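The values are calculated or read from the model by the stated rules, or taken from the named source; none is laboratory data. Not measured: the values here are computed from a predicted model. Here the Cβ is made from the backbone with ideal geometry for all residues, glycine too, and neighbour counts use every protein chain on show. Ligands, DNA and RNA are excluded from the accessible area calculation, which covers all protein heavy atoms including side chains. Shrake-Rupley method; radii C 1.70, N 1.55, O 1.52, S 1.80 Å.
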Amino acid sequence: MDEEGTLSPFVYWAQTDATITLRIELRNVQSPQVELEDQQLSFSAVGHGAQGEKKYGFTLHLLRPIDTESSRYRVLERNVEFSLNKVNVEFWPRLLEDSKKPAWLKIDFDKWTHEEDLSDEARDINDDFPGLYEKMQAEELGWPSKRGVSGESLKKVYLFLYNLWQFVGFLYLTVVTCTRYLKNGQDSMAGTYAAVGWMMRLCLITQLLEVLHPMVGYTRGPVLTSLLQVGGRGVIFFCLIEGEERMQTKPVIFYLFLVWSIIELVRYPYYMLRVYDVDNGFITWLRYTLWIPLYPLGFILEGVIIIRSIPYFEETGKFSVSLPNSLNFGFYFPNILRIYILMFFFPAMYKMMSHMYQQRKQKLQIRPRTKKLQ
């Protein structure tokens, strides 16, 4: 409850240079009342919140002024969303005028993300205020601040060594694959999986740690995003390549392994430097430029593997569940592959390319031009 005894809903906030976004966790909202002033927002409504179907309300005294004319809100089925336009385009170190934050006001960590996440408006908060993200996370979750200076140093050492391991692994993959090709030409392609498949397996298995890193606060960003990024490549390798021996000798495996490896040979050195806040202009340029030819090529190669795998899995029935069975549940794996190719392949490719384009503008041109919402 607030100071006047009114029930307060949970409110999650995030920001870009130009806007503050608020998400009020309140369902079935009725009779919303909103008062918006230069540095104050008051909200009240009847809805279903943490305390059930009751009246909720709050007042926020903002750190800096907002444009009341262009700011807006919308009532959705499961929440209420505010988009508040700042008078001055700048990054705020906190939301409220008072440094003491109420317990019901939460940080929307899904929108305070790093450069690998899929939000085009996401910012790396340390680019603007070094150390601010860790401070906010400590205030929100409590436990990060207990690690102390030594714990923070150990975390950086671990992340550096993890990125170093991945770099060495993919360097090995690249060197062996290219050496075999220079020595034997196209005849080497059929043996690519047999020669370096074990190393690719190790690298992809340890990449699962990238799903755990945001869970324990070692990196920023939502867990689901990391899971999708790591899981997509894992399905291609562990299900389609390792799951069908006839795919392992195809020339497309040679090209896919090479493209994956070259991408990581740039990505992991970039992260190694960023662990200690070192910015190398050339490495950064490579990180946000090489994706232009390599990402589309990687997507196409993955698509080829999916399409060529379908007849094999139709023949073997692997990963499919046939009826009848005790659970009365059927699952036909080739149809899942077809649905992905027909409905999700190109949207996923477009989303990733659009995301990387936004990141390239931000990293190589300092920050994109921001326009106020109309």
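General remarks:
- Condition met for Asn280 (open to solvent by 30 Å² or more (accessible area, probe 1.4 Å) and either of a type in the set (Gly, Ala, Ser) or at positive phi (or both)): no
- Filtering region 80-102 to residues that are free of Cβ contacts under 8 Å to residues at least 60 places away in the same chain and open to solvent by less than 10 Å² (accessible area, probe 1.4 Å) leaves only Val80.
- For Tyr255, the conditions (1) touching a helix residue (DSSP H, G or I) at 6+ places or on another chain (Cβ under 7 Å); (2) under 30 Å from Ser320 (Cβ atoms); (3) surrounded by fewer than 17 Cβ atoms within 10 Å (Cβ to Cβ) are fulfilled apart from (3).
- Residue count for region 197-240, restricted to those that are open to solvent by less than 20 Å² (accessible area, probe 1.4 Å) and closer than 24 Å to Ile310 by Cα: 8
- Restricting attention to region 17-32, the residues that are without any contact (Cβ under 8 Å) to a residue 60 or more places away in the chain and in a strand (DSSP E or B) add up to 7.
- Test for Gly303: is it surrounded by fewer than 12 Cβ atoms within 10 Å (Cβ to Cβ), closer than 19 Å to Cys239 by Cβ and over 21 Å from the mean Cα position of the chain (by Cα): no
- Hits in region 38-59 - residues which are open to solvent by 100 Å² or more (accessible area, probe 1.4 Å) and part of a loop (DSSP other than H, G, I, E, B): Gln51
- Flag if Leu164 is open to solvent by 50 Å² or more (accessible area, probe 1.4 Å), closer than 14 Å to Val275 by Cα and modelled with pLDDT of 95 or more: yes
- Any hit, region 363-373, residues being basic (Lys, Arg), modelled with pLDDT of 90 or more and over 24 Å from the mean Cα position of the chain (by Cα): no
- Residue match in region 242-263 (condition: within 26 Å of Tyr158 (Cβ to Cβ), of a type in the set (Asp, Glu) and out of contact with any Gly (no Cβ under 8 Å at 6 or more places or on another chain)): no
- Residue among Glu69, Glu77, Glu35 that alone is within 24 Å of Ala103 (Cβ to Cβ), acidic (Asp, Glu) and either assigned to a strand (DSSP E or B) or modelled with pLDDT under 90 (or both): Glu35
- Pick from region 1-37, criterion closer than 16 Å to Lys86 by Cα and small (Gly, Ala, Ser), ranking: surrounded by the most Cβ atoms within 10 Å (Cβ to Cβ): Ala14
- Of the set (1) outside any helix (DSSP H, G or I); (2) among the aromatic types (Phe, Trp, Tyr); (3) closer than 30 Å to Leu290 by Cα, all apply to Tyr340 but (1).
- Test: residue in region 138-146 that is open to solvent by 20 Å² or more (accessible area, probe 1.4 Å), hydrophobic (A, V, I, L, M, F, W, C) and either closer than 21 Å to His355 by Cβ or at pLDDT 80 or above (or both): no
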